[in-house]
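Q: Please read through the structure below; I'll follow up with questions.
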There are 2 protein chains.
Amino acid sequence: MDKLACIKVFRHVARLESFTATAIELNTTQGAVSKKIAWLEGDLGFTLFHRNSRKISLTSAGKQYLGFCHELIEKMTLTEQLINKQLSLAVGTLKISAPSAFATQRLAVPIRKFLIANPEVKIDISVDDKHVDLYRDDIDIAIRASYLKDSGLKAKKLLDHDVCYFASPDYLKNNGTPVVPEELSKHTCLTYSLSTTSNVWQINKKKFVVRELVTSDSPEMLVKMAILGCGIAAMPKWMVQESFKMNQLTELFADHQKSSLPMYAVYKNSDYLPYRIRAFVDFIASYFESELAN
Amino acid sequence: MDKLACIKVFRHVARLESFTATAIELNTTQGAVSKKIAWLEGDLGFTLFHRNSRKISLTSAGKQYLGFCHELIEKMTLTEQLINKQLSLAVGTLKISAPSAFATQRLAVPIRKFLIANPEVKIDISVDDKHVDLYRDDIDIAIRASYLKDSGLKAKKLLDHDVCYFASPDYLKNNGTPVVPEELSKHTCLTYSLSTTSNVWQINKKKFVVRELVTSDSPEMLVKMAILGCGIAAMPKWMVQESFKMNQLTELFADHQKSSLPMYAVYKNSDYLPYRIRAFVDFIASYFESELAN
DNA sequence: CCATCACCATTCCAAATTGGAATATCAGAT
DNA sequence: ATCTGATATTCCAATTTGGAATGGTGATGG
């Protein structure tokens, strides 16, 4: 027997002080109401009503239990409404994970715009260059360079980075400047460990397996190592533009066609995706799209 | 579908993070668990778990709802236990209604003893000479002279009052002092309106229908009227003993055999009578029984 | 890369449960 | 004493539920 259904019937009966009237109000039969109350009393172990062929009245235990039932139903309704609201409106706290360089240099501005457009959303951004587990760490959205290999996740492409290759002038002086990609085999490279194919570089639609000297999950670390002359690295252009200007780094294969590095917003797939997640993903994707157009 | 049952299953699944393990723990099948969670999600309108052929994990909504479910089950268990405790132990507040003269002169002492013997019981005594409705006024126990005519009520006899007949010396001087009950027909009487047979007095096993001058639901009022010389009244002996001594009243038919007036403790009949009620009724009945023996 | 495994969803059918209608029962009202 | 209005009970049809088997899917390991 459905106890919750019995409780709902009980509230009606207590209010109307009649099984028959309750049956009419609930479009059922008096017998059904009687059975439900009787079952509930049996389950609880005490009687809810004093019965009398003419009328019924709550026992003291029934009165006390009724108070609990009112609380229960109200709390349940409110809780369910609250959760549904959080899923359907742009409210709540959005937990984002993003790699440090991208976060600070590319994400801060659009996040600020998003917050202005969605004043009821708070953002908790966790800057982490490691490959986070969205389930374990309870993250709503992760910004990732690598294509998703996780299951149960959806990804939306945000943009394609223009990748560029570079090394320090010092390194090139000591090891020679490669002019064609084929020469990469003579060099040591700095690779990004979280990329699915970290040691396979693609230039002019050809793939080159490079010799790794250092691999790291931190793009900034790799840039730093390149500046120190450890080898050749490949990174999104925006990340090293400043270093080119300061002559800390020299670009290689500048006129060759390079593969682009896509960036994704990854989020847990669900039938009822909290709206703040969808809102943010759509917002940030169209932000980068319009940025590209300019 | 029984939502409460689903919620209970949900708590297990959330803890074990597995439908299969839950099915084993609950001695059911994995399919049944799956159906229950699926139904609950449909009812709520949001998903509780992220699913993955290898494992499941709570969604953020699921996490939030789980907290509510824990609260709900705990509150429900505690409430039901509390009410059952109140019904099975001598705890709580006992609401007693008693007529004023009896309350003050006969009930105060045994109530004090009962409170000492049952320290967890509080007493709310409503002194009222009217015929109270135990249901409407939410009274646990009513002390009454009249035999119960109400249905749904049970009565336990506490004692038999020795009834005595009396009038003021003044009245007797003016109207003559009746020596045998047959002379009552020449007198006017003061009767107790709440008695079922207020105007039928029984002396020496014979019944006499008396002429009423005043009828009242207040015994003390009737005594006062008798003192003022309005007529002859019949009351329990203890109520007028003092007036005899002060010569405000004179006893009549002193050596005749008089009917006794029973006093009852009346309480609502119920399958699960709160224990404090049974305890009090038994206590007070045995108190008067032993008082009689002394 | 493919076979295997572990797990959840679905389907189908038998079994248990529920609800409706009629009937019994009960106590107050007339 | 009978009538009336209310709840309890009974019986059966309809619905719902649970179990077993099947299907589907993604992780794992050789």
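The values are calculated or read from the model by the stated rules, or taken from the named source; none is laboratory data. Because the structure is a prediction, the values reported are computed rather than measured. Positions of Cβ are backbone-derived with ideal geometry, glycine not excepted, and every protein chain shown enters the neighbour counts. Accessible surface is based on the protein model in full, side chains and every heavy atom, while ligands, DNA and RNA are left aside. Shrake-Rupley method; radii C 1.70, N 1.55, O 1.52, S 1.80 Å.
Q: If A:F46 satisfies every condition in (1) surrounded by 15 or more Cβ atoms within 10 Å (Cβ to Cβ); (2) touching a residue at least 60 places away in the same chain (Cβ under 8 Å) but one, which is the exception?
A: (2)
Q: Next question, about the same structure. Provide a single number: the residues in segment A:186-232 that are in contact with a Gly (Cβ under 9 Å, 6 or more places away or on another chain), under 27 Å from A:T104 (Cα atoms) and at pLDDT 85 or above.
A: The number of residues fulfilling the criteria is 3.
Q: A further question follows. More than 11 Å from DNA strand D (Cβ to nearest atom) and touching a helix residue (DSSP H, G or I) at 6+ places or on another chain (Cβ under 9 Å), is that true of B:V9?
A: So B:V9 does not fit the description; no.
Q: B:R11 versus (1) within 11 Å of another protein chain (Cβ to nearest Cβ); (2) touching a residue at least 60 places away in the same chain (Cβ under 8 Å): which is the lone unmet condition?
A: Condition (1) is where B:R11 drops out.
Q: Would you list the helices (runs of 4 or more DSSP H) that sit entirely within segment A:195-294 and hold 2 or more residues that are closer than 30 Å to A:D138 by Cβ, small (G, A, S) and out of contact with any helix residue (DSSP H, G or I) (no Cβ under 9 Å at 6 or more places or on another chain)?
A: Answer list for segment A:195-294: A:275-293.
Q: Hey, among A:A98, A:A90, A:A117, which residue is open to solvent by 60 Å² or more (accessible area, probe 1.4 Å) and away from DNA strand D (no atom under 16 Å from the Cβ)?
A: Among A:A98, A:A90, A:A117, only A:A117 is open to solvent by 60 Å² or more (accessible area, probe 1.4 Å) and away from DNA strand D (no atom under 16 Å from the Cβ).
Q: Mind listing whichever residues of segment B:24-48 are over 21 Å from A:L87 (Cα atoms) and either among the charged types (D, E, K, R) or within 11 Å of DNA strand C (Cβ to nearest atom) (or both)?
A: Filtering segment B:24-48 down to residues over 21 Å from A:L87 (Cα atoms) leaves B:24-36.
Listed by number, the residues that qualify are B:I24, B:E25, B:T29, B:Q30, B:G31, B:A32, B:V33, B:S34, B:K35, B:K36.
Q: Just checking, how many residues over segment A:49-97 are of a type in the set (G, A, S), at the interface with chain B (Cβ under 9 Å from one of its Cβ atoms) and not in a helix (DSSP H, G or I)?
A: Residues in segment A:49-97 being of a type in the set (G, A, S), at the interface with chain B (Cβ under 9 Å from one of its Cβ atoms) and not in a helix (DSSP H, G or I): 3 in total.
Q: Among the listed residues B:A32, B:A38, which satisfies the condition of being over 22 Å from A:E71 (Cα atoms), within 14 Å of chain A (Cβ to nearest Cβ), free of Cβ contacts under 8 Å to residues at least 24 places away in the same chain and surrounded by fewer than 20 Cβ atoms within 10 Å (Cβ to Cβ)?
A: B:A38
Q: Check whether at least one residue in segment B:190-197 is over 30 Å from B:V281 (Cα atoms) and surrounded by 14 or more Cβ atoms within 10 Å (Cβ to Cβ), and report yes or no.
A: Yes, because at least one residue in segment B:190-197 is over 30 Å from B:V281 (Cα atoms) and surrounded by 14 or more Cβ atoms within 10 Å (Cβ to Cβ).
Q: So, of the residues in segment B:1-23 that are more than 10 Å from DNA strand C (Cβ to nearest atom) and more than 44 Å from the chain's Cα centre (by Cα), which turns out to be most open to solvent (accessible area, probe 1.4 Å)?
A: Applying the filter and picking the extreme gives B:R15.
Q: A follow-up question, please. Out of everything in segment B:120-137 that is surrounded by fewer than 16 Cβ atoms within 10 Å (Cβ to Cβ) and within 14 Å of another protein chain (Cβ to nearest Cβ), what residue ends up being nearest to B:T93 (Cα to Cα)?
A: Within segment B:120-137, the match that is nearest to B:T93 (Cα to Cα) is B:K122.
Q: Also, I was wondering about something else. Which condition from (1) within 14 Å of chain A (Cβ to nearest Cβ); (2) more than 27 Å from A:K8 (Cβ to Cβ); (3) free of Cβ contacts under 8 Å to residues at least 12 places away in the same chain is the one that B:E17 breaks?
A: Looking at each condition in turn, B:E17 falls short on (3).
Q: While we're on this one: Kindly establish whether A:S168 is buried (at least 20 other Cβ atoms within 10 Å of the Cβ) and touching a Ser or Thr at 6+ places or on another chain (Cβ under 9 Å).
A: yes
Q: Ok, one more. Could you tell me whether B:L44 is modelled with pLDDT of 90 or more and either more than 30 Å from A:Y267 (Cα to Cα) or in contact with a strand residue (DSSP E or B) (Cβ under 9 Å, 6 or more places away or on another chain) (or both)?
A: So B:L44 does not fit the description; no.
Q: Still on this model: Could you list, in sequence order, all residues of segment B:54-79 that are without any contact (Cβ under 8 Å) to a residue 12 or more places away in the chain and either more than 16 Å from DNA strand C (Cβ to nearest atom) or open to solvent by less than 20 Å² (accessible area, probe 1.4 Å) (or both)? Lay out the reasoning, then the answer.
A: Filtering segment B:54-79 for residues without any contact (Cβ under 8 Å) to a residue 12 or more places away in the chain gives B:54, B:60, B:63-64, B:67-68, B:71, B:74-79.
B:S60, B:K63, B:Q64, B:G67, B:F68, B:E71, B:E74, B:K75, B:M76, B:T77, B:L78, B:T79, listed by residue number.
Q: Ok, one more. Checking B:L82 against (1) within 16 Å of DNA strand D (Cβ to nearest atom); (2) open to solvent by 30 Å² or more (accessible area, probe 1.4 Å), which test does it fail?
A: In the conditions (1) within 16 Å of DNA strand D (Cβ to nearest atom); (2) open to solvent by 30 Å² or more (accessible area, probe 1.4 Å), B:L82 misses (1) alone.
Q: Return yes or no: is B:K237 within 18 Å of B:L107 (Cβ to Cβ), in contact (Cβ under 8 Å) with a residue 24 or more places away in the chain and more than 14 Å from chain A (Cβ to nearest Cβ)?
A: In short, yes.
Q: Farther than 25 Å from A:L159 by Cα and touching a Phe, Trp or Tyr at 6+ places or on another chain (Cβ under 9 Å) - does that describe any residue in segment A:235-250?
A: No, because not a single residue in segment A:235-250 is farther than 25 Å from A:L159 by Cα and touching a Phe, Trp or Tyr at 6+ places or on another chain (Cβ under 9 Å).
Q: Does A:A108 fit the bill of being surrounded by 17 or more Cβ atoms within 10 Å (Cβ to Cβ) and either within 24 Å of A:R144 (Cβ to Cβ) or not basic (K, R) (or both)?
A: Answer is no for this residue.
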